[in-house]
Amino acid sequence: LSLHELAHVLAAKAFRIPVPEVEITPFGGVARMEDMSQATPFQQFMVAAAGPAMSWLCCLVCAGLLQLGWMAYPQLEGFLRWSLLLLCFNLLPVLPLDGGRMLQAILTPMTGWEKAMRILSTAGIIAGLMMNALAVWGAIHGVANLSLVFAGCYLMYAANTSRTRTAAQCIHFVISKKIKLEREKTLQVEWLGASGTLRVRDLFRRLSP
């Protein structure tokens, strides 16, 4: 988990994205970054992909040690199984998982940052509900799986939190722009031309946060 979050931090630092803190929870870690919407989609994708790439590398090293017989411990086999399971879970294409953040980076140029975030956060809530429904179905048929229940509840909670914080994050990005302008005195801007008959709400869809 530490190596996974460290990979996110190092990738963000490489693109000069500030990382004020890393939060560790019972379900994983979250590297909190500033101004991610100001990063290019490629930068967002690389930062999100850095964690799973590190997890996959750790799995390969672990499998290699077992294959060579250098560390043939049962605990290591269990660690490898759980690591692969968590890696697959983390690559689900829903927010706030890394798979969702990678997909968000791909969708942002087509839908805009805010719409992509809302779509994938809603998908995260639906995925959590499906996990709980699968756990109930398994319990009815005599196969109880509390891990699936915990994962589903966590995914619903975290996805809903991401969804409700979207507006606050947009405001934060605007304020950070103001602070950057006061500090650096100049900012690069983009001019947009529009006809007089265009509705304001249609113009807003062309704007980035």
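Counting each DSSP H run of 4 or more residues in the chain as -39500 (n - 2.57), what helix-only mean residue ellipticity at 222 nm follows after dividing by all residues, to the nearest 500 deg cm²/dmol? Walk me through the numbers before you get to the answer.
Details: 8 runs with 143 residues, N = 209.
The helix-only estimate for the chain comes to -23000 deg cm²/dmol at 222 nm.
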*Of the listed peptides 4-12, 195-203, what is their order by residue-averaged count of other C-beta atoms within 10 Å, with the highest listed first?*
4-12, 195-203
*asked:* Suppose all protein chains stay in the model; what accessible area per residue would a 1.4 Å probe give for segment 105-209, in Å²?
replied: 73
*Can you tell me the dipole magnitude for the chain around its Cα centre, using point charges on the Cβ only (Lys, Arg +1; Asp, Glu -1), in Debye to the nearest 20?*
720
*For P(r) over Cα pairs in 10 Å bins from 0, in percent, which listed value, [x] 10, 38, 39, 13, 1; [y] 8, 27, 31, 20, 9, 4, 1, 0; [z] 8, 29, 34, 22, 5, 1, comes from the coordinates shown?*
[y]
*For labels at LEU198 and LEU134 in the simple 7 Å Cα→Cβ model, what's the distance in nm?*
4.4
*With r defined as the distance between the Cβ atoms of VAL30 and ILE106 and R0 fixed at 25 Å, what FRET efficiency is calculated, to the nearest 0.05?*
0.75
*asked:* Take VAL174 and GLU21, extend 7 Å from each Cα along the Cα→Cβ direction, and tell me the distance between the two endpoints in nm.
replied: 2.5
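When the accessible area of the chain is split by element with a 1.4 Å probe, what percent falls to carbon and sulfur?
Details: 9190 of 13840 Å².
Carbon-and-sulfur percentage of accessible area, whole number: 66.
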*Does anyone have the angle between helix 166-184 and the longest principal axis of the chain? Alpha-carbon axes, 0 to 90°, nearest 10?*
60
*asked:* What FRET efficiency comes out for LEU187 versus PHE42 if R0 is 25 angstrom and r is the Cβ-Cβ distance? Round to the nearest 0.05.
replied: 0.75
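The values are calculated or read from the model by the stated rules, or taken from the named source; none is laboratory data. These figures come from a predicted structure and were not determined experimentally. Backbone-built Cβ (ideal geometry, glycine too); neighbour counts: all protein chains shown. Surface areas here come from the heavy atoms of the whole protein model, side chains and all, with no ligands, DNA or RNA. Shrake-Rupley method; radii C 1.70, N 1.55, O 1.52, S 1.80 Å.
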